[in-house]
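The values are calculated or read from the model by the stated rules, or taken from the named source; none is laboratory data. Keep in mind that this is a model prediction, so the values were computed, not measured. FYI the Cβ positions are ideal-geometry reconstructions off the backbone, even for glycines, and counts take in every protein chain you see.
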Amino acid sequence: MKIAVLPGDGIGPEIVAQAVKVLEVLKADGARIEMETAPIGGAGYDASGDPLPDATLKLARAADAVLLGAVGGPQYDTLDRPLRPERGLLRIRKELNLFANLRPALLYPELAGASSLKPDVVSGLDLMIVRELTGDVYFGQPRGIEIRNGERVGFNTMLYSESEVRRVAHVAFGIAMKRGKKLCSVEKANVLECSELWKEVMIEVSKDYPEVALSHMYVDNAAMQLIRAPKQFDTIVTGNIFGDILSDASSILSGSIGMLPSASLDEHNKGMYEPIHGSAPDIAGRNLANPLATILSVAMMYRYTFADLATADRIENAVKKVIAQSLRTGDIWTEGTQKVSCSEMGDAVVAAL
Ligand code: NAD
Ligand code: IPM
Ligand code: MN
């Protein structure tokens with residue numbers, strides 16, 4: 001299996017280095033994997049003036065799976081829009097047709113105290129958000145900033161075709177079938193035509209999955225319910241922008257954004273694996289970041305692309321073990337636990353493996 005390793009910017013290289021340590025252990029144990037590293041985001045721009053250099057895209061296309069850290073940083077925020085790091089990330093998702101983004105929020109019992117919510121609200125949480133990743137207001141045309149009636153206007157287009165909704169619906173229903181057979185489709189159909197179509201297509205697709213209980217919720221209510229009573233949800237399916245926002249919110253249910261991995265899949269289960277958080281410029285370069293979301297993303301790689309569930313379990317069990325050993329990076333640290341650095345956390349996972 002070929003893995004394209006794209007560390008990116010900020011804490012990206014620090015957290016990806018820990019995930020690579022994990023992959024090296026698996027390799028030493030006989031896993032037939034090859035890794036090759038390439039720049040993306042600000043690092044891509046610095047290397048060749050493009051946040052998604054041709055060579056990086058070529059490597060990612062040829063790979064079976066991609067491991068990505070994070071992109072972005074304040075030094076790149078004033079570049080021309082097409083040159084910004086985030087555009088490189090959006091382009092690689094689009095180029096590889098990674099339309100289904102799986103963002104699981106799961107609470108390790110020992111981290112209940114690290115969440116800002118009451119332990120009884122979050123304990124036992126096991127939620128899957130399926131976020132559509134290559135459509136919506138992120139990609140809809142027209143978009144831009146222009147002068148109208150003597151003043152600047154900014155505009156984007158929220159747009160979904162029925163085929164885009166249908167294919168992510170099938171992924172979400174398939175996942176719900178393997179979980180609690182409950183799927184909540186989140187949209188804003190009371191206001192947006194785009195959401196109205198989304199909801200209609202979800203209902204159509206639900207006919208193929210009679211065992212799954214489909215419900216619908218407006219996104220504003222969903223944001224509230226996620227914080228009020230998150231355990232009412234099993235699987236959520238939603239569009240690109242709503243999924244972006246709701247998944248950051250739900251990360252706090254699992255203790256910290258540093259805990260939440262993701263898989264972005266095409267229809268053949270080729271995937272890109274990345275933590276849901278960003279490049280965390282405020283802590284970058286200081287060996288403080290939590291690498292567990294990235295390491296858990298490697299577990300997802302084994303589960304979804306390599307279909308090697310035993311290895312996925314092995315990685316997840318190693319993470320459980322370091323949590324049980326009371327090792328904590330700063331973001332999940334609580335009184336009475338041992339604070340460790342990013343690289344110490346990586347070493348502990350390697351030892352637990
Ligand atoms: P962020 O997720 O980078 O950081 C938000 C907060 O969470 C910060 O306080 C940060 O220190 C903390 N945090 C994030 N990851 C952490 C980890 N692993 N361990 C400990 N703490 C962690 O979001 P932001 O500050 O809004 O964005 C910073 C940059 O990252 C921006 O340029 C943004 O565009 C980019 N970004 C990239 C991705 C991605 O590459 N997938 C995702 C989100 C944001
Ligand atoms: C994420 C990020 C990206 C997104 C940005 C950096 C383009 O926030 O992966 O959640 O909005 O999808
Ligand atoms: Mn996001």
When every residue in the stretch 326-336 that is under 17 Å from LEU107 (Cα atoms) and away from ligand 1 (no atom under 12 Å from the Cβ) is compared, the one modelled with the lowest pLDDT is THR334
Yes or no: the stretch 102-114 includes at least one residue that is touching a Phe, Trp or Tyr at 6+ places or on another chain (Cβ under 7 Å) and either away from ligand 3 (no atom under 16 Å from the Cβ) or in contact (Cβ under 8 Å) with a residue 40 or more places away in the chain (or both). no
Residue count, the stretch 1-59, condition closer than 25 Å to ASN290 by Cα, assigned to a helix (DSSP H, G or I) and more than 16 Å from ligand 2 (Cβ to nearest atom), comes to 14
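Could you pull out the residue among GLY73, GLY10, GLY69, GLY42 that is within 16 Å of the chain's Cα centre (by Cα), within 10 Å of ligand 1 (Cβ to nearest atom) and within 27 Å of ARG131 (Cα to Cα)? Outline the logic, then answer.
Values: GLY73 fails: within 16 Å of the chain's Cα centre (by Cα); GLY10 fails: within 16 Å of the chain's Cα centre (by Cα); GLY42 fails: within 16 Å of the chain's Cα centre (by Cα).
None of the others qualify; the one that does is GLY69.
Could you pull out the residue among GLY239, GLY243 that is more than 12 Å from ligand 3 (Cβ to nearest atom) and in the same structural domain as VAL137 (by TED's automatic domain parsing)?
Values: GLY243 fails: more than 12 Å from ligand 3 (Cβ to nearest atom).
Answer to the check: GLY239.
So which of VAL122, VAL71, VAL153 ends up being in the same structural domain as VAL201 (by TED's automatic domain parsing) and within 25 Å of CYS342 (Cβ to Cβ)?
Working: VAL71 fails: in the same structural domain as VAL201 (by TED's automatic domain parsing); VAL153 fails: within 25 Å of CYS342 (Cβ to Cβ).
So the residue among VAL122, VAL71, VAL153 that is in the same structural domain as VAL201 (by TED's automatic domain parsing) and within 25 Å of CYS342 (Cβ to Cβ) is VAL122.
Does the stretch 328-337 contain at least one residue that is part of a strand (DSSP E or B), crowded, with 17+ Cβ neighbours inside 10 Å and either in the same structural domain as ILE3 (by TED's automatic domain parsing) or not hydroxyl-bearing (Ser, Thr, Tyr) (or both)? Show your work before the answer.
Residues of the stretch 328-337 that are part of a strand (DSSP E or B), as a first pass: 328.
With the extra rule that they be crowded, with 17+ Cβ neighbours inside 10 Å, the set shrinks to 328.
From the residues that got through so far, the ones that are either in the same structural domain as ILE3 (by TED's automatic domain parsing) or not hydroxyl-bearing (Ser, Thr, Tyr) (or both) too are 328.
Yes, there is a match, as at least one residue in the stretch 328-337 is part of a strand (DSSP E or B), crowded, with 17+ Cβ neighbours inside 10 Å and either in the same structural domain as ILE3 (by TED's automatic domain parsing) or not hydroxyl-bearing (Ser, Thr, Tyr) (or both).
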If you go through ASP244, ASP220, the only one that is away from ligand 2 (no atom under 16 Å from the Cβ) and among the charged types (D, E, K, R) is ASP220
